[in-house]
Amino acid sequence: MLSSTSSGASSLVARTFSNRILAALGGFACLFLLIGVLPISTVRPAFALALHPTATQDNAQLLSAVIAGLQRKYSRMQSIAADFSQSYIGSDGRSFVERGRLILKRPGKARWDYVEPEKKIFISDGRNIYFYVIGDREALRSSIRESTDPQIPFLFLLGRGDLRRDFSRIEIAGEAAIRRNDLVLLLVPRKAPEEFRQLLAEVDPESFTVIRLVIFQRNGTRMSFVLSNMRENPSVTNDEFKFNPPAGVKIRPAI
């Protein structure tokens, strides 16, 4: 049984999702997505590498190679499946962890099945986003262009954006990696919805696989996603990204 603290945190996270969608946010730059939510400019500006003050020439070369490797790897990816652990740390210090499975498919399709502690579904069919907590009598729907939910930035993993175009700054971050030899990048969106401030991406510098994404919001909230058991280009049908509400469940526009 969940403690009252965990239950309260769960409700807080659920409300956070609902409020984001209900706010009909404008705008996934996504590195994650944000690539999906952040608007992509039509002009390709010059890109300047911004490095940590103590960075060496070797670091600059490594950073440039990783950026190119990421873009090359994920622009060719058709689909991804993985388990995820999502950690939420609010501006008030409260924290909460959720786990589940995700599937991403080009173009712009995503499915997040949360399995603990609360079962819920987050689906993008490429045009609309659906959010449903299992057992509720209503589901929420909003346009993907209006959403700033933290899942959106993951769409960048499927080539929905260009790192050099969508981020004004990419540098090696000071935060420690959770795996030995990984590289942690700090990314600052060139244009972003009001809620997003910056992102961290932990990358395997040899395979260019992204294994962790951290999204920082302007209100002080930190959302971290750790991916495991990742499968590249699994066979996935479009039916996986169709939201079929249970009998009696109404879909309500998030406005």
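The values are calculated or read from the model by the stated rules, or taken from the named source; none is laboratory data. Quick caveat, the model's predicted, so the values are computed rather than measured. Cβ: placed from backbone, ideal geometry, glycine included. Neighbour counts: every protein chain shown.
Inside the stretch 133-168, residues that are modelled with pLDDT of 90 or more and closer than 25 Å to Arg222 by Cβ make up a count of 2. Note on the stretch 180-255: enclosed strands (runs of 3 or more DSSP E) holding 3 or more residues that are of a type in the set (D, E, K, R) are 222-232. Checking each residue of the stretch 56-78 against the condition of being small (Gly, Ala, Ser) and part of a strand (DSSP E or B) gives no match. Give the number of residues within the stretch 113-125 that are surrounded by fewer than 16 Cβ atoms within 10 Å (Cβ to Cβ) and either among the polar types (S, T, N, Q) or in a loop (DSSP other than H, G, I, E, B) (or both). Total satisfying the criteria: 2. Kindly establish whether Arg101 is within 23 Å of Ser143 (Cα to Cα), surrounded by 14 or more Cβ atoms within 10 Å (Cβ to Cβ), modelled with pLDDT under 90 and not aliphatic (A, V, I, L, M). Criteria not met by Arg101. Residue under question is Val236, and the condition is that it be surrounded by fewer than 18 Cβ atoms within 10 Å (Cβ to Cβ) and among the aliphatic types (A, V, I, L, M); does it hold? Answer is no for this residue.
For the stretch 74-89, check the following and say yes or no: at least one residue is farther than 30 Å from Glu118 by Cα, modelled with pLDDT of 50 or more, surrounded by fewer than 16 Cβ atoms within 10 Å (Cβ to Cβ) and among the acidic types (Asp, Glu). The answer is no; no qualifying residue exists.
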